[in-house]
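The values are calculated or read from the model by the stated rules, or taken from the named source; none is laboratory data. Owing to the predicted nature of the structure, the values given are computational and were not obtained by experimental measurement. Methodologically, a virtual Cβ is constructed for each residue, glycine included, from the backbone with ideal geometry; neighbour enumeration extends over all protein chains shown. Note: areas computed on protein heavy atoms with side chains; ligands, DNA, RNA excluded. Shrake-Rupley method; radii C 1.70, N 1.55, O 1.52, S 1.80 Å.
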Amino acid sequence: MIDEIFAPLGARAHVHIRDLADGRGLGSGEDEPVILVSVVKLFIAWEFRRQVAEGLVDPAAPVRVTAADRLGGTGTAGFLYDAQISVWDLAALMMEVSDNSAADLVARHIGLGSLRSLPSRLGLKGTRLIGSPRTILEDVAKDLGIANIDALAHVLDSGSVTTGELRATSAWDPDRTNVSTPADLTAFLRQVWNGPAAVAADMRTWMRRQLTGGRLSRLAPSEVEVHGRSGSLPGWLNEVAVWEWPDGRRHALAVFARPTRGNFREVELAMSRAALALTDAISE
């Protein structure tokens, strides 16, 4: 079924769906490694919210965001001037507009060790977390023989690095970057949704407010409440989501597509078509 959706578009997909009530799941390629890109922000957000709940992090703590923190892109990552923001609001920006600098700063608050140990603590055997966006970009710069992230930004802007050269770096290699599997991701979302109510409520709010994705919900029925987190690199279009139906059904979805052409809009529609097909299949 999944191959029939993606193969005509020259794309391949790894997918999984899980019923959040009883844990039943089905998928295709669901145990194969997939690179997370910005989907890693789900894990950063959950660990941050857990530490807030346990009194380990002060959510109101002010954080100074300076030029040294800016990576380019949305939110504080693209600010022109320095700003002071609470770590809680940085977490919201990380989730809602996929702010990479905010992700770095929140990860700094929770500690790299806590992030890296999260998969083993939750029993996610196919997941490995290396670090936040800055860590990944620093590795890419090293792979390309570039001095630092600032120099990398100039090289990328100049167009002197080819797509092929970029795809040979660690950010595209499941053995050297943040990685998970579709089955692990739906298992994680089930733990989030069925975990402490206050933590789950804030994760639901952040995911519901996502402004930079919505790939899986393109064809979703209007009555479905959608919570998502997306990520992408050239050659990868990713999204995980939870769909809550009016009749009480709740489904965690993970769709990771690998297009080989420039037909990204068509592949994104196919991702939503796959999500619908998965919800139909698990409801039979």
Please list, by residue number, every one of the GluC sites (Glu not before Pro) in region 11-70 that is coil in DSSP and has at most 14 other beta-carbon atoms within 10 Å. 54
With labels modelled as points extended 7 Å from the Cα through the Cβ direction, what inter-label distance (nm, one decimal) is found for residue 281 paired with residue 151? 4.7
Mean Cα-pair separation over length for the chain, i.e. relative contact order, pairs under 8 Å, 6 or more apart, %: 27
Which of 107, 77, 53 ends up with the largest GNM mean-square fluctuation for the chain, with Cα atoms connected below 10 Å? 53
Accessible-area composition of the chain, carbon plus sulfur, in percent [1.4 Å probe]: 50
Quick one: grab the alpha carbon gyration tensor of the chain, order the square roots of its eigenvalues as a ≥ b ≥ c, and give me rounded if a/c is under 1.5, else prolate or oblate depending on whether a/b is larger than b/c. oblate
Radius 12 Å from Cβ of residue 85, net charge of other residues (Lys, Arg +1; Asp, Glu -1): -3
Please find, in a Gaussian network model of the chain (springs between Cα atoms separated by less than 10 Å), the residue of 66, 162, 260 whose mean-square fluctuation is greatest. 162
Excluding ligands, DNA and RNA, what is the solvent-accessible area per residue of the chain at a probe of 1.4 Å, expressed in Å²? 43
FRET efficiency for residue 121 and residue 1 from the Cβ-Cβ distance with R0 = 35 Å, rounded to 0.05, comes out at 0.55
Tally Lys and Arg at +1 and Asp and Glu at -1 over the other residues with C-beta under 11 Å from the C-beta of residue 128: what net charge comes out? +1
Between residue 142 and residue 67, Cβ-based FRET efficiency (R0 22 Å, step 0.05) works out to 0.50
Work out how much length residue 247 to residue 163 would gain on full extension: take 0.36 nm times their residue separation and subtract the Cα-Cα distance, in nm to one decimal. 25.7 nm
Region 245-269 and region 75-94 have their Cα centres apart by a whole-number Å value of 29
Additional length obtainable on full extension of the chain from residue 204 to residue 266, 0.36 nm per residue less Cα span: 19.5 nm
Below 8 Å, C-alpha to C-alpha, sequence gap of six or more: please give me the relative contact order for region 24-172 in percent. 20
Could you identify which residue out of 67, 151, 92 has the top mean-square fluctuation in a GNM of the chain using Cα springs shorter than 10 Å? 151
Label zone at residue 83, where the point sits 7 Å out along the Cα-to-Cβ direction: region 193-216 residues whose backbone N lies under 20 Å: 206-213
Summed side-chain charge close to residue 213 - residues other than residue 213 whose Cβ falls under 13 Å, Lys, Arg +1, Asp, Glu -1: +3
